[in-house]
Protein chains: 2
Amino acid sequence: MYRIGFIGLGIMGKPMALNLLNAGYSVSIYARRPEMAQQLVHAGAIAYSSAKEIANQVDIIITMVTATADVEEVLLGKMGIIETAKSGTIVIDMSTISANATQKMADKLAKKGIEMLDAPVSGGEQGAITGSLTIMVGGKPEILEKVHPILAILGKQIVHVGGHGAGQIAKACNQVIIAETIIAVDEALRLAKASGVDPAKVREALLGGYANSRILEIHGKRMLENDYKPGFKAGLHRKDMHLALEQAHQVGVDMPAAKYGMQCLDRLVMKGHSDLDSSAIHMIIED
Amino acid sequence: MYRIGFIGLGIMGKPMALNLLNAGYSVSIYARRPEMAQQLVHAGAIAYSSAKEIANQVDIIITMVTATADVEEVLLGKMGIIETAKSGTIVIDMSTISANATQKMADKLAKKGIEMLDAPVSGGEQGAITGSLTIMVGGKPEILEKVHPILAILGKQIVHVGGHGAGQIAKACNQVIIAETIIAVDEALRLAKASGVDPAKVREALLGGYANSRILEIHGKRMLENDYKPGFKAGLHRKDMHLALEQAHQVGVDMPAAKYGMQCLDRLVMKGHSDLDSSAIHMIIED
């Protein structure tokens, strides 16, 4: 049975690591904030004080951190896994980061015989807790095959999208569609309200038809109830949209609606609502 | 049992009138193009040569025509139903037209004791054939109650949204959300493709997650297969978006994403693709 290292024990990483422990895996952990490790140590995890120290104790290293720079530090930094990991080690980066940076990191790791998969997720905290995430995987299919049983503990839908970075591209597409669908629902509900029509009735009429989506169901309800407990935080959605627009810029794709979504998220964050659900843009768009 | 008049026997109206005939109702029809009436006459419909002639033969008149001006002509024109309809007659306008014009028409009809409901639909030709339309109703609830058994033959979801015009507002919201979600899927699939990632794999990875929608399922597939047989024609979607943006303008709501959707539909129609499915905007947007 593979020994697993897990780096990044935030809202997503902690329940994911717990699910691996509960499935009987040996899990070694490193969190920059040691207080995040306590619950996991109680559940049987072994805590280390750097990524580097974990790397030669395990076969597979999962990273679940915030930004591209965090992954680079954990993988390639002075205290990073590249310093000590054995050849044949597999890194699964489940963070949402740059596809380009992912390809470059995979290349650098490959020179030391370390394999990498990018495997960002969607499904949020609930999906992490219940092990029902969607996992979008980039990298070699034979490496995915090896670690599939581990990913199957964390998610219920695992799709191999393509080579290194392809998982991150799929995730970028996911975030773009979610942002734009939130805008679509926002505009429709504002049109209804300003026209003197109950937006709750409009949403009800539209559920089940071609305008239906999980966003109309879940985020549409949040808008109607003015309840923006996340869900998915605006600050993180903004970060992900920035990645998507950077990618679009690099490959020469114009995405006007995504840019408008980004503007709305910018405004929301600048008004101090970074920790609200990203559908809170409905709250701040002036009519 | 109510006697029904049915005016407008196009792609939607014809199968709807047939469903009413098959349910045992007496249906009198008028089509501007008499050749549209033949199949229905064979099925038992009685054909008249104007709306006015039908009006005093029936209790309920359903209109299913294209534009605001068509409804005005059929209801209020010289050969329109207002000339002959008895007090107590109920007009159900199932066309997609202006909410404001609907309110004005309802007022004029009310002076002759004629009741009106606006009851636009979504679900397309398939929904019309199978009697599974979504019907968004504006007008008095007690009038809806009277005609509910008739609408239940045509659709499976019937929602009373509000007063006169509220059904049209809901329909405008429906069309806005559909257009913007098509744009969202378009942008995501173009981002994937330009990034060297198989857009079919991306769509597959996103189905079932928060980015999922009927548009990703159905229209996303059309985009991947480059098969734009409608579905819902771009020319009609453009007409409906025009109504929605006109309404937004009147009530002072800014809808930047809807405006961009309108631009895309404009371009598609100006390139001569009015009869393709509106998701064909994916085909013509230059990267």
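The values are calculated or read from the model by the stated rules, or taken from the named source; none is laboratory data. As the structure is a computational prediction, the values presented were derived from the model and not from experiment. Cβ sites come from the backbone with ideal geometry, for glycine too, and all protein chains shown count toward neighbours. Just so you know, the surface numbers come from the protein's heavy atoms only, side chains and all, with ligands and any DNA or RNA stripped out. Shrake-Rupley method; radii C 1.70, N 1.55, O 1.52, S 1.80 Å.
Values computed for the structure shown
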| quantity | calculated |
| --- | --- |
| Fluctuation leader among B:Ser274, B:Ser195, B:Ser213 - chain B, Gaussian network, Cα springs under 10 angstrom | B:Ser195 |
| Percent accessible area from carbon and sulfur atoms, the protein assembly as shown, protein chains only, probe 1.4 Å | 51 percent |
| Global geometry of the range B:16-68, whether rounded, prolate or oblate, following the gyration tensor of its Cα atoms and the 1.5 cut on a/c | rounded |
| Long-range amide H partners of A:Arg3 with built H, under 5 Å | A:Asp59, A:Ile60 |
| Per residue accessible area in Å² of the protein assembly as shown, where ligands, DNA and RNA are left out and the probe is 1.4 Å | 39 Å² |
| Within a Gaussian network of chain A (alpha carbon springs, distance under 10 Å), most fluctuating of A:Tyr210, A:Tyr30, A:Tyr48 | A:Tyr210 |
| Solvent-accessible surface (1.4 angstrom probe) belonging to A:Lys259, in square angstrom, nearest 10 | 100 Å² |
| Normalised contact order of chain A, rounded percent, pairs of Cα under 8 Å and 6 or more residues apart | 13 percent |
| Other-chain or far-sequence residues with amide H under 5 Å of B:Ala47's (modelled H) | B:Ile29 |
| Highest-MSF residue in chain B out of B:Asn226, B:Asn56, B:Asn19 [GNM, Cα springs under 10 Å] | B:Asn226 |
| Shielding by partners, peptide A:246-254 (average Cβ within 10 angstrom, other chains) | 4 |
| Rounded, prolate or oblate (a/c below 1.5 giving rounded, otherwise prolate when a/b exceeds b/c) for the range B:26-159 by Cα gyration tensor | rounded |
| Estimated buried accessible area (total), pair B and A, 1.4 Å, Å² to nearest 100 | 4900 Å² |
| Helix-only CD estimate at 222 nm, as mean residue ellipticity for the protein assembly as shown, using -39500 (n - 2.57) per DSSP H run (n ≥ 4) | -15000 deg cm²/dmol |
| Out-of-range pairs (alpha-carbon distance over 28 Å; input A:Lys78/A:Lys111; A:Lys221/B:Lys171; A:Lys229/B:Lys140; A:Lys229/B:Lys156; A:Lys239/B:Lys193) | A:Lys229/B:Lys140; A:Lys229/B:Lys156 |
| Candidates per trypsin sites (Lys or Arg not before Pro) in the range A:3-105, loop by DSSP, up to 10 other Cβ within 10 Å | A:Lys78 |
